[in-house]
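Below is one structure; the comments refer to it alone.
The values are calculated or read from the model by the stated rules, or taken from the named source; none is laboratory data. Just so we're clear, the structure is a prediction, and the values are computed from it rather than from any experiment. Counting neighbours? That spans all protein chains shown, and the Cβs are built from the backbone with ideal geometry, glycine included. Each accessible area value is taken on the protein alone, full model and side chains, heavy atoms only, with ligands, DNA and RNA left out. Shrake-Rupley method; radii C 1.70, N 1.55, O 1.52, S 1.80 Å.
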Amino acid sequence: MPASPAGQLRSIAIGVTDLESAERFYTSTWRLEAVARSADAVYLRGGGGFHHILALHRSRQPEVRNVTFSVASEADLDAIAARAVGAGGRLLATKHEVVEPGGGVAVTVQDPQGRVLRFVHGDQRLAPQADSDAPSRITHVVFNSADVALAQRFFEEGLGFQLSDRTRIMAFMRCNSDHHSIALADSDADTLNHVAFVMPDLDAVMRGAGRMSDAGWPIEWGVGRHGPGNNVFSYFVGPDDFVIEYTADVLQVDDSYRVGGPSDWTWPPGRFDQWGVSKPPSERIKQAQKKIRFADYQA
Ligand SMILES: [Fe+2]
């Protein structure tokens, strides 16, 4: 596969209105672990080797600050900076040492619809943990887009992503062997749709759903198995109405993968997943997955 310089999806930084209670939720119930903090931020790792996969920032309103990819070389940072600008993005920060926990060298770009995307090389790694109930990493972030074709073109030309599947409402884009690291959903605004955390297996997804239910966070969509990507899913509306997903079994693909179109991914009426067990998404999740915006860039 022609390697995308984007590397691997590493982390998302979000603004939350109650930092302390968000930290409690993401550690005790969602099962991440705090590895670093400042007065106004907490950095949380999963069971995998990334230094952190979620950064919580104290904020007046819920928002996305950035989505960060870990790239293979410093040359890839230079390639991204050049390609992203050539494809209509803005270079928000030229190559610099990252001062926040996790470190490394980074460039930050903004796509034509305002998403802040950071690419880091040489960031710290931690020894993976064998916790069968902890999410290991983030496997995808889904963005709503008022112009999916425009966003898709930027991810392809600016960042070297490839289209894996196009359904009636979504473009699934990959930058490594994961079926998708980014998906773009047709919408009326450029907001966050959801963030998906990989669990070790289907049983861990189910136990996680039980843990969430015990703590008062009901399943809002699922449990089911998606068509594109073949992954198991269970969706929740977390603190500040961020939509978060436990997932497992994400399809691994290579260049032999045949790109599917809308006619390949049409369910019969009343069906929402491969198994035929999932109810439709709740009204609550449908509202929540439209409303979180990207913050203005803060260095
Ligand atoms: Fe998802």
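The table below lists the values:
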| item | result |
| --- | --- |
| Any hit, the range 13-34, residues being open to solvent by less than 10 Å² (accessible area, probe 1.4 Å), hydroxyl-bearing (S, T, Y) and farther than 15 Å from A295 by Cβ | yes |
| Flag if S234 is in contact with a helix residue (DSSP H, G or I) (Cβ under 6 Å, 6 or more places away or on another chain) and without any contact (Cβ under 8 Å) to a residue 60 or more places away in the chain | yes |
| Cβ-Cβ under 9 Å pairs, at least 6 apart or on other chains, the range 265-278 side assigned by TED's automatic domain parsing to the domain that holds D249, far side surrounded by fewer than 12 Cβ atoms within 10 Å (Cβ to Cβ) and not in a loop (DSSP other than H, G, I, E, B) | none |
| Those strands (runs of 3 or more DSSP E) lying entirely in the range 180-251 with at least 3 residues closer than 27 Å to G49 by Cβ | 191-198, 232-237, 243-248 |
| Filter result (surrounded by fewer than 20 Cβ atoms within 10 Å (Cβ to Cβ) and not polar (S, T, N, Q)) within the range 161-180 | L163, R168, I169 |
| Residue check, S73 within 27 Å of L184 (Cβ to Cβ), over 17 Å from the mean Cα position of the chain (by Cα) and either at pLDDT below 95 or polar (S, T, N, Q) (or both) | yes |
| Scope the range 228-256; condition within 12 Å of the ligand (Cβ to nearest atom) and touching a Gly at 6+ places or on another chain (Cβ under 7 Å); matching residues | P228, F233, S234, Y235, I244, Y246, V250 |
| Checking G208 against (1) touching a residue at least 60 places away in the same chain (Cβ under 8 Å); (2) open to solvent by less than 40 Å² (accessible area, probe 1.4 Å); (3) in contact with a helix residue (DSSP H, G or I) (Cβ under 6 Å, 6 or more places away or on another chain), the condition it does not meet | (3) |
| Single condition V99 does not satisfy, out of (1) free of Cβ contacts under 8 Å to residues at least 12 places away in the same chain; (2) touching a Lys or Arg at 6+ places or on another chain (Cβ under 9 Å) | (2) |
